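*Asks:* Have a look at this one.
The values are calculated or read from the model by the stated rules, or taken from the named source; none is laboratory data. Just so it is clear, the structure is predicted and the values come from calculations on it, not from any experiment. Please note: Cβ atoms are built from the backbone with ideal geometry, for glycine as well, and neighbour counts cover all protein chains shown. Heads up: the accessible areas ignore ligands, DNA and RNA and are worked out on the full protein's heavy atoms, side chains in. Shrake-Rupley method; radii C 1.70, N 1.55, O 1.52, S 1.80 Å.
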Amino acid sequence: MDLEREFERVVAADHRIEPRDWMPDGYRKTLIRQIAQHAHSEIIGMQPEGNWISRAPSLRRKAILLAKVQDEAGHGLYLYAATETLGADREDLTTKLIEGRQKYSSIFNYPTLTFADVGVIGWLVDGAAICNQVPLCRTSYGPYARAMIRVCKEESFHQRQGYELLMTMMRGTDAQKAMVQDAVNRWWWPSLMMFGPPDAESSNTEQSMVWRIKRHTNDELRQRFVDMSVPQAEKLGVTLPDPKIAWNAERGHHDFGDIDWDEFWQVVKGDGPCNAERIENRRKAHEDGAWVREAAAAYAAKKERVA
Amino acid sequence: MSFDNAYESLVEGHEEKHWAFGTGFTHALSGVDRAISSTVDRDDLAAYCLMLGDDALVYAQRLAEWCAKAPELEEDVALANIALDLLGQARMLLSRAGEIQGTDEDALAYLRDSSEFRNVHLAEIDCGPGPGGDFATTMARLLVFSAWRLALLHRLTGSADPVLAAVAAKGVKELTYHRDHAAQWVLRLAGGTDYSRERMVAGLAVVWPHLDELFTAHPIEHRLAEAGVAVDPAELRSEVDSVLDTVLGAAGLTRPDVASVPGGGRGGVHTEAMAPLLAEMQVVARALPGGVW
Amino acid sequence: MTEPRSSWPLYEVFVRGKRGLNHVHVGSLHAPDDEMALRNARDLYTRRNEGVSIWVVKADAITASSPDEKDPFFAPAGDKVYRHPTFYAIPEDVPHL
């Protein structure tokens with residue numbers, strides 16, 4: 001079919017598919033699912049750090065954290081907007097999220113226990129997100145790629161502020177240093193899991209690579225993240241909780257230990273430490289706000305009738 | 001944080017290994033003339049900076065409670081912007097008080113007790129998302145607070161103190177936006193559904209008892225107003241009343257028929273809401289003495 | 001009378017970053033009406049940077065051509081059907097990505 005060949009030609013030439021172009025159903029569905037999960041992750045991701053805005057121990061940190069969590073709302077918005085160019089509807093996607101029919105990144109189902117977690121999330125979680133997301137700035141679907149450019153620019157500020165907070169705390173009291181190490185211990189392995197299951201078990205990877213929705217495999221991106229993080233940890237003066245991390249000159253990469261995939265699947269399936277709480281908070285905000293959204297829509301409808 | 005060119009991200013290449021932005025939150029008073037006139041009482045000036053700074057800080061703390069809880073994502077972004085504006089004002093004003101008193105913004109924010117805070121009660125009460133209110137109560141407070149603070153800052157742009165004048169000039173632009181945001185929502189909630197109108201009426205009744213305190217001058221405000229440094233809040237009443245009446249009139253609402261409650265925030269007397277608010281705000285800073293952040 | 005929706009319509013946002021440049025499409029957002037759309041756009045896409053000019057327009061008010069002559073609007077699998085959210089039976093249990 002001509003349209004399909006034209007689609008394949010555009011993708012193969014590394015050009016962008018735009019909203020009104022013809023595209024295979026599978027491509028459209030895969031994109032909606034992936035972008036919606038990404039959007040949900042941004043919105044749910046506001047909670048673990050948002051919890052600490054009220055308790056941030058300096059006014060500068062409070063402002064930075066509030067601005068960061070606000071950025072995440074913005075990222076969610078950009079991404080939901082990208083799904084809408086594909087015919088999806090934000091309200092519908094939100095319903096799917098709060099009914100547990102669509103997922104978000106499992107990382108946000110881990111609890112934030114101390115203020116050091118804010119720094120470690122910035123450094124490791126946002127760092128892992130950047131590894132995942134920078135290639136998406138060149139993804140084949142135009143609106144997604146453009147949203148990701150904006151997201152990545154802001155994420156780099158997030159990672160920077162996180163690392164800077166940790167550097168500051170590592171110059172502080174022994175109690176602060178211990179807090180940082182403890183947070184690194186808790187977040188390192190979940191951060192590695194953010195790249196998804198190993199390539200051999202990743203059912204969606206191959207087709208997504210052909211369509212150039214994805215540009216690198218899970219394992220490639222995970223390796224890049226480890227290689228990036230090891231020298232950063234050294235510089236910071238913390239130990240990554242994996243005795244198997246070692247430079248492998250032959251591969252030109254760091255080796256690292258085995259990931260506990262049982263834990264990964266347990267959290268994905270909804271039995272992580274905070275799954276229920278995160279969804280419940282989102283559901284409550286959405287339902288508590290319904291009368292406000294209705295009021296504004298009713299007001300607009302009245303004004304239109306008068307006009 | 002700044003977008004000098006709103007669409008630069010669409011036309012520029014992306015550098016993968018680059019941390020693109022500075023954090024830009026460092027110097028609360030950078031670039032402002034900080035000289036103190038010899039005719040101004042330093043203790044009074046510091047106390048006045050705390051009054052206006054605490055109003056902004058405590059209210060920003062309340063507004064930030066909406067984070068991830070707003071009725072729609074767009075409103076989450078809007079409320080965070082307003083909280084960030086006020087936090088910025090608070091940092092400048094507390095820094096000013098701090099440099100006069102030989103301390104800093106964080107010691108003032110985190111190590112003072114309730115009786116040393118000088119904010120008005122309107123800033124500290126729970127107007128939602130906690131049990132004390134909802135989105136309508138939140139917009140009622142935002143309308144009253146921003147109408148009042150805008151009138152105040154507008155006059156303060158002519159202050160004899162260069163820092164107060166500079167903070168006010170920046171704040172006027174911000175507060176104009178806050179006041180308009182609140183007014184837009186009051187119109188929509190009052191004119192939306194029967195239920196939203198009910199909530200709006202109830203919300204106004206929560207904040208109205210705290211109105212009189214906003215126009216009651218503390219002796220320090222009197223003295224500094226005479227010196228051309230501060231604004232006598234009593235002078236703001238007619239302007240604020242007229243703004244509120246205009247918005248309420250457009251929304252088809254009337255002033256709530258409720259009695260005033262005693263104020264006293266300027267002198268360190270607060271409501272029951274204040275201690276838990278501060279306990280939460282200060283918990284990490286106080287739990288780790290000597291910590292650097 | 002149409003039922004008031006609890007979800008708001010989609011608006012497209014166009015920004016003139018500085019004098020001498022065209023308005024450029026920067027993205028979209030939801031708002032109950034034009035005025036709130038403009039406010040939301042300032043908050044979201046310009047962080048209230050002064051001196052920029054913003055246009056907002058309801059997405060369904062835009063008439064668009066297709067990018068090339070083989071207009072997929074008329075093709076069997078054209079985009080009309082995708083306007084219906086129910087078209088998307090998104091798998092309920094998506095394990096990863």
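*Asks:* When you scan region B:199-293 for helices (runs of 4 or more DSSP H) that lie fully inside it, which ones turn up with 3 or more residues that are more than 14 Å from every other protein chain (Cβ to nearest Cβ), open to solvent by 50 Å² or more (accessible area, probe 1.4 Å) and out of contact with any Phe, Trp or Tyr (no Cβ under 8 Å at 6 or more places or on another chain)? Break it down into steps so the answer makes sense when it comes.
*Replies:* On the way: elements: B:219-226, B:237-250, B:274-287.
Answer list for region B:199-293: B:219-226, B:237-250.
*Asks:* Shifting gears a bit: For region A:141-186, which residues satisfy the criterion of being open to solvent by 30 Å² or more (accessible area, probe 1.4 Å) and assigned to a loop (DSSP other than H, G, I, E, B)?
*Replies:* Correct list: A:Arg171, A:Thr173.
*Asks:* Considering only region B:164-194, state which residues are crowded, with 23+ Cβ neighbours inside 10 Å and aromatic (Phe, Trp, Tyr).
*Replies:* B:Trp185
*Asks:* Shifting gears a bit: Determine which member of the set B:Asp126, B:Asp134, B:Asp161 is out of contact with any helix residue (DSSP H, G or I) (no Cβ under 7 Å at 6 or more places or on another chain), crowded, with 18+ Cβ neighbours inside 10 Å and in contact (Cβ under 8 Å) with a residue 12 or more places away in the chain.
*Replies:* Answer to the check: B:Asp126.
The rows are residues; the columns are (1) touching a Gly at 6+ places or on another chain (Cβ under 9 Å); (2) among the polar types (S, T, N, Q).
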residue: B:Tyr59; (1), (2): no, no
residue: B:Ile82; (1), (2): no, no
residue: B:Met92; (1), (2): yes, no
residue: B:Ala107; (1), (2): yes, no
residue: B:Ser114; (1), (2): yes, yes
residue: B:Glu124; (1), (2): yes, no
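*Asks:* Take A:Glu84 and decide whether it is over 30 Å from B:Ala109 (Cβ atoms), touching a helix residue (DSSP H, G or I) at 6+ places or on another chain (Cβ under 8 Å), of a type in the set (Asp, Glu) and at the interface with another protein chain (Cβ under 8 Å from one of its Cβ atoms). Don't jump to the end; show me each part of the working.
*Replies:* Values: over 30 Å from B:Ala109 (Cβ atoms): yes; touching a helix residue (DSSP H, G or I) at 6+ places or on another chain (Cβ under 8 Å): yes; of a type in the set (Asp, Glu): yes; at the interface with another protein chain (Cβ under 8 Å from one of its Cβ atoms): yes.
Criteria met by A:Glu84.
*Asks:* Still on this model: Being at pLDDT 95 or above and under 23 Å from A:Val125 (Cα atoms) is the requirement here; does A:Ile64 meet it? Lay out the reasoning, then the answer.
*Replies:* Working: at pLDDT 95 or above: no; under 23 Å from A:Val125 (Cα atoms): yes.
No: the conditions fail for A:Ile64.
*Asks:* What are the pairs with Cβ atoms under 6 angstrom where one residue, in region A:276-297, is closer than 16 Å to A:Glu91 by Cβ and the other, located anywhere, is among the small types (Gly, Ala, Ser) and open to solvent by 10 Å² or more (accessible area, probe 1.4 Å)? Sequence gap at least six, or different chains.
*Replies:* Taking only residues 6 or more apart or on different chains, the pairs are A:Ala290/C:Ser6; A:Arg293/C:Ser6; A:Glu294/C:Ser6.
*Asks:* Quick test for you: out of A:Thr112, A:Thr83, A:Thr94, pick the one residue that is modelled with pLDDT of 95 or more, of a type in the set (S, T, N, Q) and open to solvent by 10 Å² or more (accessible area, probe 1.4 Å).
*Replies:* Details: A:Thr83 fails: open to solvent by 10 Å² or more (accessible area, probe 1.4 Å); A:Thr94 fails: open to solvent by 10 Å² or more (accessible area, probe 1.4 Å).
None of the others qualify; the one that does is A:Thr112.
*Asks:* Determine if region A:12-19 includes at least one residue that is open to solvent by 30 Å² or more (accessible area, probe 1.4 Å), more than 20 Å from B:Glu65 (Cβ to Cβ) and facing another protein chain (nearest Cβ under 9 Å). Even if it seems obvious, please write down each step before you answer.
*Replies:* From region A:12-19, those open to solvent by 30 Å² or more (accessible area, probe 1.4 Å) are A:12-16, A:18-19; that's our starting set.
With more than 20 Å from B:Glu65 (Cβ to Cβ) added as a condition, the list becomes A:12-16, A:18-19.
With the extra rule that they be facing another protein chain (nearest Cβ under 9 Å), the set shrinks to A:18-19.
Yes.
*Asks:* Assuming A:Ala298 fulfils every condition listed in (1) in a helix (DSSP H, G or I); (2) more than 7 Å from every other protein chain (Cβ to nearest Cβ); (3) on the phi < 0 side of the Ramachandran plot apart from one, which condition is it?
*Replies:* Unmet condition: (2).
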